[in-house]
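Q: Sharing a structure with you now.
The values are calculated or read from the model by the stated rules, or taken from the named source; none is laboratory data. Nothing here was measured: the structure is a model prediction, and the numbers come from that model. Ideal geometry is used to build each Cβ from the backbone, glycine not excepted, and the neighbour counts take in all protein chains shown. The area values use the complete protein model at the heavy-atom level, side chains included, leaving out ligands, DNA and RNA. Shrake-Rupley method; radii C 1.70, N 1.55, O 1.52, S 1.80 Å.
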Amino acid sequence: MIKLLCNARLADGRTVDVRVADGFIESVRASVVEQADPADPADPAEVEVEDLSGWLLLPAMAEPHAHLDKALTAEEVPNPQGDLRGAINAWVTAAAAGVFTYESTVERAAAAMELLLVHGVTAVRTHVNVLSTNGTTSLRAVKEAALRFDGMLDVQTVALTSSPMTGADAKENRAALDAAVEEGVDLVGGCPHLDPDGAGLIRHALAVASDAGIGVDLHVDEMLDPSILTLRDYARQVIDTGFTGPVAAGHCVTLGMQPPSVQLEVASLVAEAGIAVFPLPQTNLFLQGRDNATATPRGLTAVAALQEAGALVAAGADNVQDPFNLVGRSDPLETAALMVMAGHQLPDTAFDMVSNNVRKAIGLPEVHIRPGDPADLVAIDAPSVRAAIADAPMSRRVFRRGVLVASADQQSEIHGRGRNGS
Ligand SMILES: [Zn+2]
């Protein structure tokens, strides 16, 4: 099957026709409307043509850190306290009360996946609660939801463990992780900053992942207390053990609370360890800093130091409309906008952080709209990357391996005339 995406505007301003064969980009040529000779006799009749009408064509976006088992529960699980502890307590209480069923988790996860897909996301990594109380129920529910999007949306799962994962009381939580690994997950998760022995949790996570031949993706230092810096332990252990699987760290808030010299020292270790770091501005801005009435910190990690050290930084949305984040649109362009506003990134860099940097971090081939790249693309009715981030228009076409998998159209109209209009 050959597909021609014609009249596509690239980020550099060129208008091109992108020819896709067997899911990969075969050629990128100046659009026929700009060519002296518009005829292309080589095109067979069976070429399927999609006219993008000058819309901006970009690499499809990807979400590196979601919680699809929790998504869309803001009404069912209120968090009036508004901080991380309040969110965790609200969730645990609701779960113990039987608020969530397997079926409802499947439906919510599927709804969240659909939202991601229609916004232009073709790959998502989601953490899934793996607790002694729910076993593998949430994990199986998310995997069942993912089946509905097979071939459209890549879904990676991370076993998000409950603390303690170390000490005498860790037995049940460790057993829950073992059951999840047995069931099948892509990565081992966990929260070392919430554990009595953060370094011990990291050691255990790396050992379990190493035995299973999978990766590690931890929630790291999601707090403002600068005396907690498990990211350093994580990086050192990855280096010292020679762990070869994929490694990632979400949040890393306390790195942003360190003096510049410590930020650079730890960022260099992170780069050496090959740990991808995911700032998660939505939840960081929502949950962090509520006790700081003056000069309220943003709760973002030290993005500039990580970039300077050469670490891979990609950005995610984390929670969407649940007790950990009451709002959120499942749109990486919202994340990119926050990386511009709160993370002080240039728009093009911010877009890379929600597209190719994520793909690199989660083990997918990058897309640069050149021959040989997978045709995982999103077309947006916007004149530039900056404008796409600013307006986030909902006129989009989403292609997965060249196949149109989602579309949305936004319409607006001004009715009537102003008083001085004619
Ligand atoms: Zn998270």
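Q: Report the Stokes-Einstein translational diffusion coefficient (µm² s⁻¹, integer) for the chain, Rh taken as the Kirkwood radius over Cα pairs, at 20 °C with viscosity 1.002 mPa s. Provide the component values of the computation, followed by the final result.
A: Values: Rh = 22.3 Å.
Diffusion coefficient, whole number: 96 µm²/s.
Q: What accessible area, in Å² to the nearest ten, does a 1.4 Å probe give for Met1?
A: 140
Q: Using only the Cα atoms of region 348-393, each taken as one equal point scatterer with no solvent, compute I(q) by the Debye sum, divide by I(0), and report log10 of the ratio at q = 0.16, 0.23, 0.32 Å⁻¹.
A: Taken in order of the listed q values, log10 I(q)/I(0) reads -0.48, -0.91, -1.16.
Q: Please give the charge dipole size of the chain, origin at the Cα centre, charges +1 on K and R Cβ atoms and -1 on D and E Cβ atoms. Round to the nearest 20 debye.
A: Numbers: 30 positive and 55 negative charges, 135 e Å.
Rounded to the nearest 20 debye, it is 640 debye.
Q: Let me ask you something else. How do Thr296, Thr126 stack up against each other in accessible area, from largest to smallest, with a 1.4 angstrom probe?
A: Thr296, Thr126
Q: Given Cα positions, please report Rg to Rh for region 265-422, the hydrodynamic radius being the Kirkwood one.
A: 1.05
Q: Here's something else I'd like to know. Per DSSP H run of n ≥ 4, the term is -39500 (n - 2.57); total these for the chain, divide by its residue number, and report the mean residue ellipticity at 222 nm rounded to 500 deg cm²/dmol.
A: Calculated mean residue ellipticity at 222 nm is -10000 deg cm²/dmol.
Q: What FRET efficiency comes out for Asp178 versus Val327 if R0 is 41 angstrom and r is the Cβ-Cβ distance? Round to the nearest 0.05. Show your work: numbers first, answer last.
A: Working: r = 36 Å, r/R0 = 0.87.
Computed FRET efficiency for Asp178 and Val327 comes out at 0.70.
Q: Can you give the alpha-carbon Rg of region 243-338 over 2.2 N^0.38 Å, where N counts its residues?
A: 1.12
Q: Restricting to the chain, compute how many DSSP beta bridges are antiparallel as a %, nearest 5.
A: Within the chain, antiparallel bridges account for around 45 percent of the total.
Q: May I ask for the distance between the Cα centers of region 225-250 and region 44-100, given as a whole number of Å?
A: Each part's Cα centre sits 27 Å from the other's.
Q: With Kirkwood's inverse mean 1/r over C-alpha pairs for Rh, give me the Rg to Rh ratio of region 297-375, two decimals please. Intermediate values should be presented prior to the final figure.
A: On the way: Rg = 13.7 Å, Rh = 13.7 Å.
Checking Rg against Rh, the ratio lands at 1.00.
Q: Now for a separate question. So for Val253, Val403, what's the accessible-area order with a 1.4 Å probe, most first?
A: Result of the area sort, largest leading: Val403, Val253.
Q: Report the extension gain between Met394 and Arg14 in nm, rounded to one decimal, defined as 0.36 nm multiplied by the number of residues separating them, less their alpha carbon distance.
A: 134.6 nm
Q: Along the positive direction of the dipole of region 266-335 (beta-carbon charges: Lys, Arg +1; Asp, Glu -1; about the Cα centre), which of Pro332, Ala295, Pro279 reaches farthest?
A: Checking the options against the dipole of region 266-335, the answer is Ala295.
Q: Which ³J(HN,Hα) values in Hz, rounded to whole numbers, follow from the phi angles of region 230-243 under the Karplus curve 6.51 cos²θ - 1.76 cosθ + 1.60, where θ = phi - 60° and Gly and Pro get x?
A: Running phi through 6.51 cos²θ - 1.76 cosθ + 1.60 with θ = phi - 60° gives 6, 4, 5, 4, 4, 4, 4, 5, 4, 5, 5, 7, x, 4 Hz.
Q: Give me P(r) over region 34-168, computed from all C-alpha to C-alpha distances, binned every 10 Å, as integer percentages.
A: In order of increasing distance, the bins hold 10, 32, 26, 14, 9, 6, 3, 0 percent.
Q: For His344, what accessible area in Å² do you get when you roll a 1.4 Å probe over the heavy atoms of the protein chains, rounding to the nearest 10?
A: Surface accessible to solvent at His344 totals approximately 130 Å².
Q: Got a number for carbon plus sulfur as a percent of the chain's accessible area, 1.4 Å probe?
A: 50
Q: Lysines within cross-link reach of Lys360: Cα-Cα under 27 Å, excluding same-chain residues under 8 positions apart?
A: Lys3, Lys70, Lys143
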